[in-house]
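Down below is the structure, laid out as structure tokens.
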Amino acid sequence: MDTRQWRDTIAAAQDGDRRALDELVEGWLPLVYNIVGRALNGHADVDDVVQETMLRAVDNLGSLRDPDSFRSWLVAIAMRQIRDRARRRTPAPLDESATGGAADFAELTVLRLQLEGQRREVAEAVRWLDDEDRQLLSLWWLEVAGELSRRELAAAVGISRQHAAVRVQRMKERLETSRGIVRALDGACPGLRELTARWNGRPDSVWRKRLARHIRGCGYCGDTRESVVPPERLLVGIALVPVPVGFTLSLALGGKTAAAATATVASVSWSAKVLSALAQPVVAATAGATIVAGGAYVVTQTPDAPPPRVAVSPTAASTHRPPPVVDTPSVSPSPSPSPSATPAKTVLYGSVVDAVDRAPDPDTPPAALPHRPETGVTSTGGAHAVMNHRGDSVTLTGKGYVLVRWQISPQYRAGGLVMPSWTGLRGELFHVASGGGRRMDDPVSATDSTATGMGNSTVGYTVLPAGTQQMWQNEYFYLDGSVTLTVNERGADYGLSVFPSSWDAAEKDITTGPDQGVKRYGLVRDTGNDDTPVPQYVTRSTPADAATVAQESRVSAP
């Protein structure tokens, strides 16, 4: 965004041209929104700070002598408002719950810019930074993306360019530590799982140090097979996060109406002329915004908005449903570790579909996991595929075990969950075991009795389709052939991490029990025969929309 291209517009706005002001506000609001949003990580105060920044810019635009310095001037105002906000409030870490359940800025960045892989990792690592580092990163991110210069960054922070270089380097080091934490939390390290058993899920400096210490000494978490790309290379060319739907910016000074504010100006200054123009009963529409009478700026052009949250109370039906009535043998509800009933006759592959089971007693060790032949599975997503958006998919090929790790995020969007599906199956696919130390409907908080991995009474609950098997944190599958797993997210927010795995890893996971710091032992579903269940949402066809795969789609023998 080059201020030289805006010279004439800025000059016209300074002369009281309402259309020029409209264009100026529309053009520069996204930059301010991204700086403030990332510095405060989507806190509820973001809108107020953006409002105050733009209000001060409008009110003081007449004092700007050099239009070419408009960008650095505007950024400095934004950073001043961010620091003023911090001074006005008691020093406390940002509480994501203060957003009223809205997504934090890291999540907005991932979702709205469709970031994947290591770009997603960098965006989510921002949550783990302290306030000062996050403020600096909000500028450095834009510098790397080509929206700011280093001179403007230093001026906005109020330090020299040399000092800015030192500050940026230290911030990048803490950002790399935070990236490692995001990567490790996406993994399945039993030691990390034990360490975080009492963590409330909110990033802070204390847990950052604890997790970083674990990662440094852990061969599992510290084993990065994928080369780590420097963040500055990942952020080049990333667009600004769009201003959200319904964002309203009042240009009335001090919260007064434009007419009242105009009446308080003693002389016919620039502010009076602009506010007088805004008070006229007209609407000035632009491509992405509208300025209406009274000086309200309302964003009307936006990316696709997520569906509204559905607050649903937990019920037995949402997590423990009876199995559907079917003509072929199916999995019977049972508190025992093995949910499959012994068939009275030969069961053909694919006729037993994974169905609802009751959670086994946490202290009951699982049955022995049969060791099927394994030569290895390759994945189009590599050793660790992370899928967060509707339509994300990974194709798995080979003979061996696959781990699918669930990450449900009701704090961003609760409600009905559209299950992932397995399509284009060639060969055989079995659902062999469940682990991760907990089912997703197990309690997760020592202080909130309503909280499970599916949500809580405050944010609502993620609800499965009727008759769908309740997933565990880790689900293990055995593949002999090839298949594509697709995320069909619509409504409730969830993500999947997919790892080619092994019998050894699965066996170690499911035999880790409550005495080792987790909620429960795992569950073995594999009988070693064709009566081991197959996933509910699986088909040998390849539909245009993977979300159309029917529940309990039976698959014939290959």
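For the stretch 531-540, enumerate the residues that are open to solvent by less than 60 Å² (accessible area, probe 1.4 Å) and part of a loop (DSSP other than H, G, I, E, B).
Asp531, Thr532, Pro533, Pro535, Gln536, Tyr537, Thr539
Among Thr380, Thr395, which is the only one that is out of contact with any helix residue (DSSP H, G or I) (no Cβ under 8 Å at 6 or more places or on another chain), without any contact (Cβ under 8 Å) to a residue 60 or more places away in the chain and open to solvent by 40 Å² or more (accessible area, probe 1.4 Å)?
After ruling out the rest, the residue left standing is Thr380.
Considering only residues that are open to solvent by 70 Å² or more (accessible area, probe 1.4 Å) and within 27 Å of the chain's Cα centre (by Cα), which ones fall in the stretch 544-558?
Ala544, Thr548, listed by residue number.
Go through the residues of the stretch 491-505 one by one and say whether even a single one is polar (S, T, N, Q), more than 20 Å from Ser351 (Cα to Cα), assigned to a loop (DSSP other than H, G, I, E, B) and over 23 Å from the mean Cα position of the chain (by Cα).
yes
What number of residues within the stretch 506-528 are crowded, with 19+ Cβ neighbours inside 10 Å and part of a loop (DSSP other than H, G, I, E, B)?
Residues in the stretch 506-528 being crowded, with 19+ Cβ neighbours inside 10 Å and part of a loop (DSSP other than H, G, I, E, B): 9 in total.
Pick out the one residue from Leu417, Leu429 that is under 18 Å from the mean Cα position of the chain (by Cα) and within 16 Å of Glu475 (Cβ to Cβ).
Answer to the check: Leu417.
When only residues in the stretch 23-53 that are farther than 17 Å from Leu142 by Cβ and among the aliphatic types (A, V, I, L, M) count, which is most open to solvent (accessible area, probe 1.4 Å)?
Step by step, filter the stretch 23-53, then rank; the result is Ala44.
When the residues of the stretch 398-414 are filtered to those that are farther than 17 Å from Met471 by Cβ and open to solvent by 40 Å² or more (accessible area, probe 1.4 Å), which remaining residue is nearest to the chain's Cα centre (by Cα)?
Gln411
If I go through the stretch 63-75 residue by residue, how many of them are part of a helix (DSSP H, G or I) and crowded, with 16+ Cβ neighbours inside 10 Å? Show your work before the answer.
Step one: list which residues in the stretch 63-75 are part of a helix (DSSP H, G or I), which gives 63, 67-75.
In the following step, the residues that additionally are crowded, with 16+ Cβ neighbours inside 10 Å were identified as 67, 70-75.
Of the residues in that region, 7 qualify.
Looking at (1) open to solvent by less than 10 Å² (accessible area, probe 1.4 Å); (2) modelled with pLDDT of 95 or more, can you tell me which one Leu464 breaks?
(2)
Of all residues in the stretch 200-214 being of a type outside the set (D, E, K, R) and assigned to a helix (DSSP H, G or I), which is nearest to Thr452 (Cα to Cα)? Steps first, please.
At the first step, the residues of the stretch 200-214 found to be of a type outside the set (D, E, K, R) are 200-201, 203, 205-207, 211-212, 214.
Those left that are additionally assigned to a helix (DSSP H, G or I): 205-207, 211-212, 214.
Details: Ser205: 25, Val206: 24, Trp207: 21, Leu211: 23, Ala212: 26, His214: 25 Å.
Looking at residues that are of a type outside the set (D, E, K, R) and assigned to a helix (DSSP H, G or I), I get Trp207.
Going through Gly481, Gly522 one at a time, which residue ends up being touching a residue at least 40 places away in the same chain (Cβ under 8 Å) and within 30 Å of the chain's Cα centre (by Cα)?
Only one candidate passes the filter, namely Gly522.
Has the stretch 12-20 got at least one residue that is at pLDDT 85 or above, closer than 19 Å to Gly146 by Cα and in contact with a helix residue (DSSP H, G or I) (Cβ under 6 Å, 6 or more places away or on another chain)?
Within the stretch 12-20 (the criterion being at pLDDT 85 or above, closer than 19 Å to Gly146 by Cα and in contact with a helix residue (DSSP H, G or I) (Cβ under 6 Å, 6 or more places away or on another chain)), the answer is no, since none of the residues qualifies.
Any residue at all in the stretch 113-124 that's surrounded by 17 or more Cβ atoms within 10 Å (Cβ to Cβ) and modelled with pLDDT under 60?
yes
The values are calculated or read from the model by the stated rules, or taken from the named source; none is laboratory data. Keep in mind it's a predicted model, so treat the numbers as computed, not measured. Neighbour counts run over all protein chains shown; Cβ positions are idealised from the backbone, glycine included. Side chains are part of the model used for accessible areas, which takes the heavy atoms of the whole protein and leaves out ligands, DNA and RNA. Shrake-Rupley method; radii C 1.70, N 1.55, O 1.52, S 1.80 Å.
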